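What follows is a set of notes on a single structure, which appears directly below.
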Amino acid sequence: MRFASHRDIARALERALRRAGVPVAFSAGFTPHPKLSYVNAAPTGVASEAEYFEITLAEPAAPDEVRVRLDDAMPDGFDVAEVVEAAPGSLADRLEASEWRAELPGVGPDDAAEAVAAFIAADTVEVERFTKKGRRTFDARAAVLHLEVEGRATRGRDETYAIIRMVVRHATPAVRPDDVVNGLRRVADLARLSSPVMTRLAQGPLGDASDTIADPLAADARADRGRAADTPQPDPPARSAPDA
């Protein structure tokens, strides 16, 4: 599923909303579109456990019911983990940073540790990336809030390789996990990697510590639970006295 593009995921989501019968609101005009906003999508080729989107409904619906119906209608590989009624404000403003895990086949843990130390010590780490406007050079160091070798893994022929964890602030231009990996190669002259596997573990507002990310939906979930607790429940039907 990490090779699904942003457009693929958006189309799958729109079709699942129709199949699930979720009452999505549509824009006005000659070509109405569902009021759906998919924020800060992960780049193609990257797996993710923390993608977020907003939908506007045409009529009220219970968040738990929407989650179950939508999750059942999504293709295999897409799981809807949580649905909440959002408070006013922009979802994009809540997503300040992302936490990533990157598996680096072909890079030994000791070599990775040296590269991480060199990256952190550097004032700037310039990397290049092809964009729609051609090749662009930018600094990958400034956006990295935390970077460490998290562990090691072994696969095929007992090859041991490094796993790194990083917390990257959402900035302009956006710094992606592969930009950071390319920066590690640049500062430490690492060999070209063989199919690194990158996974977004979380995204949201920065916590009290610079290397932690808070749940962007936590306040909304608490409000939903409060509304559910305040909603009067119907009285059970009266039971007649048993016959003597």
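The values are calculated or read from the model by the stated rules, or taken from the named source; none is laboratory data. Since this is a predicted model, take the numbers as computed values, not measurements. Every residue, glycine among them, receives a Cβ derived from its backbone with ideal geometry; neighbour counts consider all protein chains shown. Note: areas computed on protein heavy atoms with side chains; ligands, DNA, RNA excluded. Shrake-Rupley method; radii C 1.70, N 1.55, O 1.52, S 1.80 Å.
With respect to being modelled with pLDDT of 85 or more and small (G, A, S), G226 falls outside the description. Restricting the first member to region 24-52 and to residues that are farther than 27 Å from A62 by Cβ, and the second to residues that are of a type in the set (K, R) and crowded, with 16+ Cβ neighbours inside 10 Å, the beta-carbon pairs closer than 9 Å and six or more apart or on different chains are A42/R176; A42/R200; P43/R176; V46/R176; V46/R200; A47/R200.
Could you check region 124-142 and list, in sequence order, the residues that are out of contact with any Pro (no Cβ under 9 Å at 6 or more places or on another chain) and open to solvent by less than 40 Å² (accessible area, probe 1.4 Å)? Selection gives V125, V127, G134, A140.
Out of all the residues in region 173-191, which are more than 22 Å from E96 (Cα to Cα), open to solvent by 50 Å² or more (accessible area, probe 1.4 Å), touching a residue at least 60 places away in the same chain (Cβ under 8 Å) and part of a loop (DSSP other than H, G, I, E, B)?
The answer is A191, and nothing else.
Among the residues that make up region 14-32, is at least one of them among the acidic types (D, E), at negative phi and out of contact with any Pro (no Cβ under 8 Å at 6 or more places or on another chain)?
Looking through region 14-32, none of the residues is among the acidic types (D, E), at negative phi and out of contact with any Pro (no Cβ under 8 Å at 6 or more places or on another chain).
Among residues of region 9-65 being in contact with a helix residue (DSSP H, G or I) (Cβ under 8 Å, 6 or more places away or on another chain), assigned to a helix (DSSP H, G or I) and open to solvent by less than 60 Å² (accessible area, probe 1.4 Å), the one that is nearest to A97 (Cα to Cα) is P63.
For region 68-97, a residue qualifies if it is free of Cβ contacts under 8 Å to residues at least 40 places away in the same chain and open to solvent by less than 70 Å² (accessible area, probe 1.4 Å), and the qualifying residues are V68, D71, V80, V83, G89, S90. Could you list, in sequence order, the residues of region 103-123 that are open to solvent by 30 Å² or more (accessible area, probe 1.4 Å), in contact (Cβ under 8 Å) with a residue 24 or more places away in the chain and hydrophobic (A, V, I, L, M, F, W, C)? A113, A118, I120 - these are the residues of region 103-123 that are open to solvent by 30 Å² or more (accessible area, probe 1.4 Å), in contact (Cβ under 8 Å) with a residue 24 or more places away in the chain and hydrophobic (A, V, I, L, M, F, W, C). Considered as a group, the residues in region 55-104 that are of a type in the set (S, T, N, Q) and out of contact with any strand residue (DSSP E or B) (no Cβ under 6 Å at 6 or more places or on another chain) include one that is nearest to D215 (Cα to Cα), and that residue is S90.
Quick check: anything in region 153-164 surrounded by 19 or more Cβ atoms within 10 Å (Cβ to Cβ), among the β-branched types (V, I, T) and on the phi < 0 side of the Ramachandran plot? Scanning region 153-164 turns up at least one residue that is surrounded by 19 or more Cβ atoms within 10 Å (Cβ to Cβ), among the β-branched types (V, I, T) and on the phi < 0 side of the Ramachandran plot.
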